[in-house]
Amino acid sequence: MLVNLNEVLKKAQKEKYAVGLFNTTDTDMLQAVIEAAEESNSPVILGTAEVLLPYGELKLIAPSVIAAAKRASVPVVVHYDHGLTFERCLEALQLGFSSVMFDGSAKAYGQNIEETKEIVKIAHAFGASVEGEIGHVGEAAQGDESLENMYTTVAEAKEYLENTGVDALAVAIGSAHGVYKKKPKLNIERLKEIADAVSVPLVLHGGSGLSDDDFKNTIREGIAKVNIFTDLCLAGERAMKDGAEKKLGYLETRNLKVEYIKEAVKHKMSLFGSVNKA
């Protein structure tokens, strides 16, 4: 069933588990995520990010993702991740996405607030939810996870929420997108301070590559949504290598890819505590 973030994250926040967002670029990944959610009886968030559109055009992937969500036996949010422009976020809403994330974190703080506030007003009119971000979740390949001056502060989080009305907030506490060059150091104390100070569910970006303990600690201290993409890509790459070694045909390799990605998703759902929470 198609739902928005509020319908899955508020329960997660209250019961101290997290719902995974799994970005998808094709129907193989889509099938894997939906099957994992149904087999795990877990709510799930299907996403596609603006930076991934060259690999899966929004107008083409949207109908498949939304149809899969509507016919699923578990709650499914269809989320436009890291929307960088007002126009793209609006397009996603018009195509039927039930949630958008407007990423104004690279903009001046005041501009981020004003533009996010406008997106919230429009999205709520569609019955959709909005995730916002302050601080900076950078790129692991560039070593951005070590830039403590980019971490979200408690004061910023409170002011941002009061002025924008977003439904969920992505915080920067030391994680980064992509494959980590070294073990990240997450500021769990900062996360706890923010969670104690605000009422909305908090989001962790850059989840791929974090340890099991990192996930358990961040979820315990207030994270209700975790974004995953790189781990799915790595699972797909392993399937293609194994398929080549076994001399499997294209379709057999495709099915192996679905199975590998599905197992990666199911592992994350178990780790996040969302199994049997649908």
- Query: Restricting region 144-156 to residues that are modelled with pLDDT of 55 or more and under 19 Å from the mean Cα position of the chain (by Cα), which is surrounded by the fewest Cβ atoms within 10 Å (Cβ to Cβ)?
  - Reply: Tyr151
- Item | Qualifying residue in region 40-48 (condition: in a helix (DSSP H, G or I), in contact with a His (Cβ under 6 Å, 6 or more places away or on another chain) and under 18 Å from Phe97 (Cβ atoms)) | no
- Subset of region 1-51 (residues that are charged (D, E, K, R) and at pLDDT 95 or above): Glu7, Lys10, Lys11, Lys14, Glu15, Lys16, Asp28, Glu35, Glu38, Glu39
- Count of residues meeting criterion [small (Gly, Ala, Ser) and in contact with a Ser or Thr (Cβ under 7 Å, 6 or more places away or on another chain)] in region 103-122: 1
- Query: When you go through (1) assigned to a strand (DSSP E or B); (2) among the polar types (S, T, N, Q); (3) touching a Phe, Trp or Tyr at 6+ places or on another chain (Cβ under 7 Å) one by one for Ser208, which number turns out not to apply?
  - Reply: (1)
- Quick one: which of Ser208, Ser199 is among the polar types (S, T, N, Q) and touching a Ser or Thr at 6+ places or on another chain (Cβ under 9 Å)? Ser208
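Conditions (1) under 19 Å from Gly104 (Cα atoms); (2) modelled with pLDDT of 95 or more, marked per residue:
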{"residue": "Ser129", "(1), (2)": "yes, yes"}
{"residue": "Gln142", "(1), (2)": "no, no"}
{"residue": "Tyr160", "(1), (2)": "yes, no"}
{"residue": "Thr164", "(1), (2)": "yes, yes"}
{"residue": "Ala168", "(1), (2)": "yes, yes"}
{"residue": "Val179", "(1), (2)": "no, no"}
{"residue": "Glu193", "(1), (2)": "no, yes"}
{"residue": "Ala197", "(1), (2)": "no, yes"}
{"residue": "Asp212", "(1), (2)": "no, no"}
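One line per residue, one yes/no per condition, for (1) surrounded by fewer than 24 Cβ atoms within 10 Å (Cβ to Cβ); (2) modelled with pLDDT of 95 or more; (3) part of a helix (DSSP H, G or I); (4) touching a helix residue (DSSP H, G or I) at 6+ places or on another chain (Cβ under 7 Å):
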site	(1), (2), (3), (4)
Lys185	yes, no, no, no
Val203	no, yes, no, no
Asn227	no, no, no, no
Asp231	yes, no, yes, yes
Ala235	yes, yes, yes, yes
Arg238	yes, yes, yes, yes
Met269	no, yes, yes, yes
- Pick from region 5-53, criterion within 16 Å of the chain's Cα centre (by Cα) and among the charged types (D, E, K, R), ranking: surrounded by the most Cβ atoms within 10 Å (Cβ to Cβ): Glu50
- Query: Which pairs have Cβ atoms under 9 Å, sit 6 or more apart or on different chains, and link a residue in region 228-243 that is touching a residue at least 60 places away in the same chain (Cβ under 8 Å) to one that is acidic (Asp, Glu)?
  - Reply: Phe229/Asp81; Gly236/Asp28
- Message: Please go through (1) assigned to a helix (DSSP H, G or I); (2) farther than 23 Å from Ala49 by Cα; (3) not aliphatic (A, V, I, L, M) for Ser199 and return the number of the only condition it doesn't satisfy.
- Response: (1)
- Is region 55-69 home to any residue that is acidic (Asp, Glu) and surrounded by fewer than 17 Cβ atoms within 10 Å (Cβ to Cβ)? yes
- Note on the structure: Out of (1) under 24 Å from Lys158 (Cβ atoms); (2) at pLDDT 95 or above, the one Gln94 does not meet is (1)
- Flagged in region 64-103 as of a type outside the set (A, V, I, L, M, F, W, C), in a helix (DSSP H, G or I) and within 19 Å of Glu7 (Cβ to Cβ), in numbering order, are Lys70, Arg71
- Query: Any residue at all in region 248-257 that is buried (at least 16 other Cβ atoms within 10 Å of the Cβ), of a type outside the set (S, T, N, Q) and in contact (Cβ under 8 Å) with a residue 24 or more places away in the chain?
  - Reply: yes
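The values are calculated or read from the model by the stated rules, or taken from the named source; none is laboratory data. It should be emphasised that the depicted structure is a prediction, and the values quoted were computed from it without experimental measurement. Here the Cβ is made from the backbone with ideal geometry for all residues, glycine too, and neighbour counts use every protein chain on show.
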